[in-house]
Amino acid sequence: MSTASRLPQLAGRLASRLPRTVDARVRRLAVASLIGQTLLVVTGGAVRLTASGLGCPTWPRCTETSLVNTPEMGIHGFIEFGNRLLTFALAAVAALMLVYLWNLRKERRDLFLLALGLLASIPAQAVIGGITVLTNLNPWVVGLHFLVSMALVVFATLLVNRAFGRTGRFMAYRHRALPGIMRPVTSAVALFSALAVMLGVVVTGAGPHAGDADAPRNGLDWDLFSHIHAVPAYLITAGTVVALALVFMRGITGPFRTAVLGLLGVTVLQAVIGFTQYYNGIPVLLVAAHMLGAALLMAAATNAWDIARSSPVE
């Protein structure tokens, strides 16, 4: 029997071993996707904050003659190339997720499409990263690269919720009914979180951590936009406090209560880091922590909104 004639049999055997329900393997891959997307934000921040943005001075190669960094490039080349390598790891996780969902591609179309979107985004992110390098770290392109990463954190959070049956059409259990105002409140918090992240990109583009000594800045007033950036942060805090008050007043327990408490914790942490870095000259470690906090904020806001949206209304 030829190799070509064996392929259908091999494919059939592989498919028979793949999950026919959403099992622990699928859930672990969903969690790995979320962790990986968050880690990509952190490593991307490390590239910029260590002035390694042009550690690999060209793209798609690291140098004109090498696909990888060379010893002569030093630590900056290692950091930049390491960030590029992480995208391959994320691609592997997303591809494996699609493989494990193959038998469920029709029944669990929600999971399959989210996993497909995460996989499809990786080459898009690579191209944006390449444009970033080729434009000498143009701050607007760098900002777009970061915003796409934030969107992927949102999608990965939805993937985790769907995989664990917390939200969506295939919920494993029924959530407790929530006050009618909870959906618009959590929607507003999610919207203001996205706005805060976008304004944070503008602030970053005006600030000192450009990724390279010769990289351009956007020319805007850093101090002014720092204060503008704080406005949606205040609104996030207000919305979270309202949600928390309703949770305790109505005695709401379960996943939504946990989601709101997590959102409050991340919001307070981001506020503390933001004020501290502003009044202490924007130290690198605090900026890195603030970038991680931004990813956690988007995940927490998405989670609270997603659970509220999937819960019945009183």
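Sorted largest first by accessible area at a 1.4 angstrom probe radius, with every protein chain in place, the residues 78, 256 fall in the order 78, 256. Between 156, 77, 89, the Cα set farthest toward the positive side of the dipole of the stretch 20-169 (charges on each charged residue's Cβ, about the Cα centre) is that of 156. Note on the stretch 45-72 and the stretch 232-267: Cα centroid distance 42 Å, given to the nearest whole angstrom. Largest GNM mean-square fluctuation across 177, 46, 151, computed for the chain with C-alpha springs under 10 Å, falls on 177. Each label point was placed 7 Å from the Cα along the Cα-to-Cβ direction; for residue 271 and residue 234 their separation is 1.2 nm. For the stretch 174-313, the normalised intensity computed at q = 0.09, 0.14, 0.20 Å⁻¹ comes to -0.31, -0.65, -1.08 (log10 of I(q)/I(0), Debye sum over alpha carbons, equal scatterers, no solvent).
Rounded to the nearest 0.05, the FRET efficiency derived from the C-beta distance between residue 98 and residue 64 at R0 = 41 Å is 0.70. Taking the empirical scaling 2.2 N^0.38 Å for compact globular proteins as reference, the stretch 147-213 has a Cα radius of gyration ratio of 1.56.
Of the Cα atoms belonging to the stretch 20-169, the radius of gyration and Dmax stand at 16.8, 54 Å. Backbone geometry of the stretch 153-162 corresponds, through the Karplus equation with coefficients 6.51, -1.76 and 1.60 at θ = phi - 60°, to 3J(HN,Hα) couplings of 4, 4, 5, 5, 5, 4, 4, 4, 4, 5 Hz, x marking Gly and Pro. Quick note on the chain: its Rg to Rh ratio, both from C-alpha atoms and Rh being the Kirkwood radius, is 1.02. Applying the Karplus relation 6.51 cos²θ - 1.76 cosθ + 1.60 with θ = phi - 60° to the stretch 123-133 yields 3J(HN,Hα) values of x, 5, 5, 5, 5, 4, x, x, 5, 4, 5 Hz, where x marks Gly and Pro. Sorting 203, 272 by solvent-accessible area of protein heavy atoms yields 272, 203, largest first, with a 1.4 Å probe.
Taking 109, 169 and ordering them by how much accessible surface each has at a 1.4 Å probe, largest first, produces 169, 109.
Across the stretch 193-200, rounded Karplus estimates of 3J(HN,Hα) from the backbone phi angles (6.51 cos²θ - 1.76 cosθ + 1.60, θ = phi - 60°) give 5, 5, 5, 4, 5, 5, 5, x Hz, Gly and Pro being marked x.
For residue 253, neighbours were defined as the other residues whose beta-carbon sits under 14 Å from its Cβ, and their charges (Lys and Arg +1, Asp and Glu -1) total +4. If you take all other residues with their beta carbon under 10 Å from the beta carbon of residue 108, and give Lys and Arg +1 and Asp and Glu -1, the sum is +3. Proximity of backbone amide H atoms, modeled 1.01 Å from N, is registered between residue 178 and 313, 314 at under 5 Å, excluding neighbours fewer than 5 places apart on the same chain. Only one residue of 180, 46, 236 has its Cα farthest out toward the positive end of the dipole of the chain, where Lys and Arg carry +1 and Asp and Glu -1 on Cβ, and that residue is 180.
Counting only heavy atoms of the protein chains and using a 1.4 Å probe, residue 268 has close to 80 Å² of accessible surface. For the chain, a Gaussian network of Cα nodes joined below 10 Å ranks 178, 285, 90 by mean-square fluctuation, and the top entry is 285.
The values are calculated or read from the model by the stated rules, or taken from the named source; none is laboratory data. Values in this document were obtained by computation on a predicted structure and should not be read as measured data. FYI the Cβ positions are ideal-geometry reconstructions off the backbone, even for glycines, and counts take in every protein chain you see. When the accessible area is computed, the model is the full protein with side chains, heavy atoms only, and any ligands, DNA or RNA have been set aside. Shrake-Rupley method; radii C 1.70, N 1.55, O 1.52, S 1.80 Å.
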